[in-house]
Amino acid sequence: MGPVTEQTALAPVGVIGAGAMGSGIAQVAATAGHPVFIVDAFEGAAQRACTRITESLRKRAAQGKLDAAEADAIAARLSPCDSVEALPECVVVIEAIVEDLEVKKDLFDTLGRTQPESTLLATNTSSLSIDQIAPAAMHPGRVLGLHFFNPPPAMKLVEVIRGEITTPDVMDTGVALVKAWGKVPVQCASTPGFIVNRVARPFYGEAQRLVQEGVADPATIDACVRTAGFRMGPLELTDLIGQDVNLAVGTSVWHQTGKDPRYEPTPFQQKLVADGNLGRKTGKGVYTYAADGTSPDNIPDEAKVAELVASGVVTNPVARTLAMLVNEAVDLVDRGEAGPADVDLAMTLGTGYPKGPIAWGREIGFRTVRDQLIELDKAFPGGRYRPSPALDTIE
Ligand code: NAI
């Protein structure tokens, strides 16, 4: 293992699971030149994925976005494969099957027995621990996370996740492959939510709490947060993601951190989900949506926006959101789970934030952020707003 050589660059890649993520990952690997073998438990699903990817490549060629011969060459590198056992020897096998620990462990057991020791075994899990999956495979030091974002062909970021026993060699090869595939790798320990899904939690949580506290209506809170350069406010963004999907990620992080109050789901979002108001996909979430996608009730009170963004931290959606994002990022770095540059890269590429939270903290002043959190902790005791000890020392 080690650096990507000409051989590993062209070696076969296995993809297990031909759904949204598996298909996209297969397309990325085939575009980079690998023969890609796709396996799915449902008969015909792998073949359908190959056909779907081929059609979308041809469509891009017809639109002049891709050379037609190149589109055909990529498509020709994709093959369905009947079973995990029937895969050829691969440089890496990436699984994107159902998010279920026992099912994934079964798969890694089979992969461990059927692929040579030199093959990297990767999971695209977004919420399970690499440390729970890896021991199921023979030679577990070669198991790592390769967490792609949706849709993989368009999203540049890949979180490369190291379990406790993932070897440094395997991490190096994972990072090199991701780069060779035209993506941007960031490295992270196997911590709940990894970088993006962990650090982003307060972006949603603070806005929901501000509405609960009656500080302002959702449209006004969203407009306040947009003044900091975010393309969408947190409440309209969760309507786009799906309130159910966003709540599930938050709840998973909350459980995995032993119910840390920082991640406790809000009654506001729980009620939206219980009432079936899941966002754009159901026509109603925080806002209501007309058939053309506009939301007539997303109209901010501009005078109130100006008043709130000039107010103290407790009622200021911008200051409060940024303080919490910075705190989360600083804590992740302080625990040694990811480096500061990787955290900033992950948040700008993975979520489209205008600035990384570490860079933002430096701009606001880490001690100012600490003092804001102390004020918030006084207003809302219970641990959610406890400042990271590293805010005292980080430069
Ligand atoms: P999906 O439901 O679209 O696709 C899963 C596919 O796996 C289906 O085609 C299913 O037939 C197949 N499958 C299920 N069990 C299998 C097994 N034992 N062996 C072989 N094939 C099996 O799911 P999606 O959204 O593609 O997610 C897959 C994985 O990627 C999950 O672990 C998920 O947490 C993760 N992920 C999802 C993201 C998303 O935005 N959808 C983003 C990042 C990660």
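Any read-out appearing in this document is the output of simple, stated calculations on the displayed coordinates, not a laboratory observation. As the structure is a prediction and not an experimental result, all values here were calculated from the model. So basically every Cβ, Gly included, is an ideal-geometry build from the backbone, and we count neighbours across all protein chains shown.
Please arrange Asp331, Asp275 by counting, for each residue, the other beta carbons lying within 10 Å of its beta carbon, fewest first.
On the way: Asp331 19, Asp275 12.
The most exposed by this proxy come first: Asp275, Asp331.
Please rank Phe366, Phe268, fewest neighbouring Cβ atoms within 10 Å first, as an exposure proxy. Don't skip to the answer; put the middle values down first.
Values: Phe366 22, Phe268 18.
With the fewest neighbours first, Phe366, Phe268 line up as Phe268, Phe366.
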How large is ³J(HN,Hα) for each residue in segment 147-163, as worked out from phi by the Karplus curve 6.51 cos²θ - 1.76 cosθ + 1.60 (θ = phi - 60°), to whole Hz, x for Gly and Pro?
9, 7, 10, 9, x, x, x, 8, 8, 6, 7, 9, 7, 9, 9, 9, x
Mean separation of Cα contacts under 8 Å, 6 or more apart, over the residue count of segment 198-392: relative contact order %
23
If unit charges are put on Cβ atoms (+1 for Lys and Arg, -1 for Asp and Glu) and the dipole of the chain is taken about its Cα centre, the option from Gln132, Gly383, His255 lying farthest towards the positive end turns out to be Gly383
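Determine the relative contact order of segment 194-278: mean sequence separation of Cα pairs under 8 Å and six or more apart, normalised by residue count, in whole percent. It would help to have the intermediate numbers written out before the result.
Numbers: 70 pairs, mean separation 25.8, N = 85.
Normalised by residue count, the contact order of segment 194-278 is 30 percent.
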Show me 220-230, 192-202, 367-377 ranked by packing, highest mean number of other Cβ atoms within 10 Å first.
192-202, 220-230, 367-377
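Rg over Rh of segment 6-189, using C-alpha atoms and the Kirkwood radius, what does it come to?
Over the Cα atoms of segment 6-189, Rg/Rh equals 0.95.
So what's segment 228-297 giving for Rg/Rh, alpha carbon basis, Kirkwood Rh from the mean inverse pair distance?
Numbers: Rg = 13.1 Å, Rh = 12.7 Å.
So for segment 228-297, dividing Rg by the Kirkwood Rh gives 1.03.
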Rounded, prolate or oblate: which fits segment 1-106, taking a ≥ b ≥ c as square roots of the Cα gyration tensor eigenvalues, rounded meaning a/c under 1.5, else prolate when a/b beats b/c?
oblate
I'd like to compare 231-239, 73-81: which one has the highest average count of other Cβ atoms within 10 Å, and what's the full order after that?
231-239, 73-81
Amide H neighbours of Val184 under 5 Å, at least 5 residues apart or on other chains, H built in the peptide plane: list them.
Leu157, Val158
At the level of C-alpha centres, the distance separating segment 56-121 and segment 308-374, in angstrom, is 37
If we sort 384-394, 26-36, 52-62 on the protection proxy, mean other Cβ atoms within 10 Å, highest first, what's the order?
26-36, 384-394, 52-62
I'd like the Karplus ³J(HN,Hα) series for segment 309-317: coefficients 6.51, -1.76, 1.60, θ = phi - 60°, whole numbers in Hz, and an x wherever there's a Gly or Pro.
6, 9, 8, x, 4, 5, 10, 9, x
Rule-of-thumb check for the chain: C-alpha Rg over 2.2 N^0.38 Å?
1.04
Kirkwood hydrodynamic radius, segment 133-187, all distinct C-alpha pairs: what's the number in Å?
11.5
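Based on the alpha-carbon set only, what is the convex hull volume of segment 198-392 divided per residue, in Å³?
112
Relative contact order for the chain: what percent, with Cα pairs under 8 Å and sequence separation of 6 or more?
Working: 726 pairs, mean separation 49.4, N = 395.
Relative CO of the chain lands at 13 percent.
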